[in-house]
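Q: Before I ask anything, here is the structure I am working with.
The values are calculated or read from the model by the stated rules, or taken from the named source; none is laboratory data. These figures come from a predicted structure and were not determined experimentally. Positions of Cβ are generated from backbone atoms using ideal geometry, with glycine treated the same way; all protein chains shown enter the neighbour counts. Quick note on the areas: whole protein, heavy atoms, side chains included, nothing else; ligands and nucleic acids left out. Shrake-Rupley method; radii C 1.70, N 1.55, O 1.52, S 1.80 Å.
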Amino acid sequence: MTLETQIKLMSYDRLIDELHALHDMYFDFANSTDNIMAGSSFHIAAKDLETLLNKYETREEQR
(Lines give C-alpha, C1' and ligand atoms only; values in the text may rest on other atoms or scores of the structure.)
Protein backbone atom coordinates (compact mmCIF):
# COMPACT_ATOMS: atom_id res chain seq x y z
CA MET A 1 0.00 0.00 0.00
CA THR A 2 1.41 3.36 -0.98
CA LEU A 3 1.82 6.26 1.39
CA GLU A 4 -0.79 8.23 -0.55
CA THR A 5 -3.34 5.43 -0.11
CA GLN A 6 -2.55 5.20 3.62
CA ILE A 7 -3.08 8.95 4.03
CA LYS A 8 -6.41 8.77 2.17
CA LEU A 9 -7.59 5.89 4.37
CA MET A 10 -6.53 7.72 7.55
CA SER A 11 -8.38 10.83 6.40
CA TYR A 12 -11.47 8.77 5.62
CA ASP A 13 -11.33 7.12 9.06
CA ARG A 14 -11.01 10.53 10.70
CA LEU A 15 -14.06 11.73 8.75
CA ILE A 16 -16.05 8.74 9.99
CA ASP A 17 -14.95 9.46 13.57
CA GLU A 18 -16.10 13.07 13.19
CA LEU A 19 -19.45 11.94 11.78
CA HIS A 20 -19.92 9.67 14.82
CA ALA A 21 -19.21 12.63 17.10
CA LEU A 22 -21.63 14.84 15.16
CA HIS A 23 -24.28 12.12 15.35
CA ASP A 24 -23.88 11.96 19.14
CA MET A 25 -24.03 15.75 19.44
CA TYR A 26 -27.20 15.93 17.36
CA PHE A 27 -28.92 13.25 19.44
CA ASP A 28 -27.88 14.95 22.68
CA PHE A 29 -29.26 18.27 21.48
CA ALA A 30 -32.46 16.69 20.14
CA ASN A 31 -33.09 15.06 23.51
CA SER A 32 -32.25 18.10 25.62
CA THR A 33 -34.04 20.96 23.88
CA ASP A 34 -37.52 22.19 24.74
CA ASN A 35 -38.05 23.45 21.20
CA ILE A 36 -40.00 20.69 19.45
CA MET A 37 -39.17 21.87 15.93
CA ALA A 38 -35.44 22.09 16.60
CA GLY A 39 -35.42 18.79 18.46
CA SER A 40 -37.24 17.04 15.62
CA SER A 41 -34.92 18.51 13.00
CA PHE A 42 -31.80 17.45 14.87
CA HIS A 43 -33.27 14.01 15.52
CA ILE A 44 -33.93 13.54 11.80
CA ALA A 45 -30.41 14.68 10.94
CA ALA A 46 -28.94 12.31 13.54
CA LYS A 47 -30.95 9.40 12.13
CA ASP A 48 -29.71 10.24 8.62
CA LEU A 49 -26.13 10.22 9.90
CA GLU A 50 -26.80 6.92 11.64
CA THR A 51 -28.01 5.41 8.35
CA LEU A 52 -24.92 6.70 6.55
CA LEU A 53 -22.59 5.32 9.22
CA ASN A 54 -24.34 1.95 9.22
CA LYS A 55 -23.84 1.71 5.46
CA TYR A 56 -20.14 2.49 5.90
CA GLU A 57 -19.73 -0.11 8.65
CA THR A 58 -21.56 -2.75 6.60
CA ARG A 59 -19.31 -2.04 3.65
CA GLU A 60 -16.21 -2.26 5.85
CA GLU A 61 -17.32 -5.64 7.23
CA GLN A 62 -17.72 -6.99 3.69
CA ARG A 63 -14.10 -6.20 2.84
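Q: What's the total number of residues in the stretch 1-22 that are assigned to a helix (DSSP H, G or I), farther than 30 Å from His43 by Cβ and of a type in the set (A, V, I, L, M, F, W, C)?
A: So the count comes out to 4.
Q: Residue by residue through the stretch 8-29, note down the ones that are surrounded by 13 or more Cβ atoms within 10 Å (Cβ to Cβ) and at pLDDT below 90.
A: Hit for the stretch 8-29 is Ile16, nothing else.
Q: Given the conditions (1) open to solvent by 100 Å² or more (accessible area, probe 1.4 Å); (2) assigned to a helix (DSSP H, G or I), and given that Glu57 satisfies all but one, which numbered condition is not satisfied?
A: Only one criterion is unmet by Glu57, namely (1).
Q: Is it true that some residue in the stretch 30-49 is open to solvent by 90 Å² or more (accessible area, probe 1.4 Å), part of a loop (DSSP other than H, G, I, E, B) and not β-branched (Val, Ile, Thr)?
A: The first filter runs over the stretch 30-49 and keeps only residues open to solvent by 90 Å² or more (accessible area, probe 1.4 Å), leaving 31, 34, 36-37, 44, 48.
Those still in the list that are part of a loop (DSSP other than H, G, I, E, B) too: 34.
In the following step, the residues that additionally are not β-branched (Val, Ile, Thr) were identified as 34.
Yes, there is a match, as at least one residue in the stretch 30-49 is open to solvent by 90 Å² or more (accessible area, probe 1.4 Å), part of a loop (DSSP other than H, G, I, E, B) and not β-branched (Val, Ile, Thr).
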